[in-house]
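Below you'll find the structure, written out as structure tokens, and then a few comments.
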Amino acid sequence: DAGVIQSPRHEVTEMGQEVTLRCKPISGHNSLFWYRQTMMRGLELLIYFNNNVPIDDSGMPEDRFSAKMPNASFSTLKIQPSEPRDSAVYFCASTPSGRAQYFGPGTRLLVL
Amino acid sequence: DQQVKQNSPSLSVQEGRISILNCDYTNSMFDYFLWYKKYPAEGPTFLISISSIKDKNEDGRFTVFLNKSAKHLSLHIVPSQPGDSAVYFCAASAPNQGAQKLVFGQGTRLTINP
């Protein structure tokens, strides 16, 4: 049974470029979460979806960040334009309506 | 405003002994608590959870204790094994904040020495 799949696993880009991170949740899970992990702020929730609908985006840092979930098996997190301070590990997680969330391996983003 | 705190950034334990990881929280509305384990270059893995209606939950070598009056929970690992070396995060959620929203602590790096 495949877990949460994230791509790419690593991304290096230059300041000002657009970055798109992708996530495929576990089949049958109807909630999806995007997190960011940094040394300074730890693991913080950016946005989450229930049944493909964004429920809470209060953690999205700025308008440069956007997230979509066009269907139950795919979500994207986009940063446009990217800045060096966006460098972090971005995790996607999903859950089948329970409290325990299941995380993907993460995307390590470096913005130069 | 750090609602979930893990005050020990690191912990070193001898193989076979008990590992005790601690977590404190400030929000009295939290009603569900979880522990996650994270290896380098991997995502956090769910370990064990506890509802606020309980004070203990056990799963194999892992036991979580909840002290609501002290707003404190702990994870006990007995016996500790080298594969337990990882970063451990506690997390909490509250129904009035969206039951699915998890607030994480900063993590404790556990090292099991052979």
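The values are calculated or read from the model by the stated rules, or taken from the named source; none is laboratory data. Predicted model, so just to flag it, every value in this text is computed and none were measured. Neighbour counts are summed over all protein chains in view; Cβ atoms, including those assigned to glycine, are modelled from backbone coordinates with ideal geometry. In case anyone asks, the SASA skips ligands and DNA or RNA and just uses the protein heavy atoms, side chains included. Shrake-Rupley method; radii C 1.70, N 1.55, O 1.52, S 1.80 Å.
Counting only strands (runs of 3 or more DSSP E) that fall entirely inside chain A and contain at least 1 residues that are more than 9 Å from chain B (Cβ to nearest Cβ) and more than 22 Å from B:LEU102 (Cβ to Cβ), the qualifying elements are A:5-7, A:10-13, A:19-24, A:65-71, A:74-79, A:107-111. Within the stretch A:61-69, identify whether any single residue is at pLDDT 95 or above and open to solvent by 40 Å² or more (accessible area, probe 1.4 Å), and answer yes or no. Yes: the stretch A:61-69 contains one or more residues that are at pLDDT 95 or above and open to solvent by 40 Å² or more (accessible area, probe 1.4 Å). In the set (1) open to solvent by less than 40 Å² (accessible area, probe 1.4 Å); (2) under 15 Å from A:PHE103 (Cβ atoms), the condition left unmet by B:GLU42 is number (1).
Filtering the stretch A:11-28 to residues that are under 16 Å from A:PHE91 (Cα atoms) and either free of Cβ contacts under 8 Å to residues at least 40 places away in the same chain or open to solvent by less than 40 Å² (accessible area, probe 1.4 Å) (or both) leaves A:VAL19, A:THR20, A:LEU21, A:CYS23, A:PRO25, A:ILE26. All conditions but one from (1) at pLDDT 95 or above; (2) of a type in the set (A, V, I, L, M, F, W, C); (3) in contact with a Phe, Trp or Tyr (Cβ under 9 Å, 6 or more places away or on another chain) apply to A:ILE55; the one that does not is (1).
Within the stretch B:49-58, the set of residues being within 12 Å of chain A (Cβ to nearest Cβ) and surrounded by fewer than 18 Cβ atoms within 10 Å (Cβ to Cβ) comprises B:SER51, B:SER52. The sole residue among B:PHE46, B:PHE104 that is facing chain A (nearest Cβ under 10 Å), closer than 13 Å to B:GLN6 by Cα and not β-branched (Val, Ile, Thr) is B:PHE104.
Among the residues of the stretch B:64-99, those that are without any contact (Cβ under 8 Å) to a residue 40 or more places away in the chain and buried (at least 18 other Cβ atoms within 10 Å of the Cβ) comprise B:VAL64, B:LEU66, B:SER85.
Being surrounded by 14 or more Cβ atoms within 10 Å (Cβ to Cβ) and under 30 Å from B:THR108 (Cα atoms) is the filter here; which residues of the stretch A:39-54 pass it?
Answer for the stretch A:39-54, where residues must be surrounded by 14 or more Cβ atoms within 10 Å (Cβ to Cβ) and under 30 Å from B:THR108 (Cα atoms): A:GLY42, A:LEU43, A:GLU44, A:LEU45, A:LEU46, A:ILE47, A:TYR48, A:PHE49.
For the stretch A:53-86, what are the residues that are of a type in the set (Gly, Ala, Ser) and either within 25 Å of B:ALA94 (Cβ to Cβ) or in contact (Cβ under 8 Å) with a residue 40 or more places away in the chain (or both)? Selection gives A:SER58, A:GLY59, A:ALA67, A:ALA72, A:SER73, A:SER75, A:SER82.
Residues in the stretch B:18-56 that are closer than 19 Å to B:VAL87 by Cβ, in contact (Cβ under 8 Å) with a residue 24 or more places away in the chain, of a type in the set (Phe, Trp, Tyr) and not in a loop (DSSP other than H, G, I, E, B): B:TYR25, B:PHE33, B:TRP35, B:TYR36. Among the residues of this structure, A:PRO84 counts as one that is surrounded by fewer than 20 Cβ atoms within 10 Å (Cβ to Cβ) and either farther than 18 Å from B:GLU42 by Cα or out of contact with any strand residue (DSSP E or B) (no Cβ under 7 Å at 6 or more places or on another chain) (or both).
Restricted to the stretch B:24-39, and to residues there that are away from chain A (no Cβ under 13 Å) and open to solvent by less than 40 Å² (accessible area, probe 1.4 Å), the residue that is nearest to the chain's Cα centre (by Cα) is B:TYR25. Looking at the stretch B:1-17, which of the residues that are under 17 Å from B:HIS76 (Cβ atoms) and in a strand (DSSP E or B) is most open to solvent (accessible area, probe 1.4 Å)? Step by step, filter the stretch B:1-17, then rank; the result is B:GLN14.
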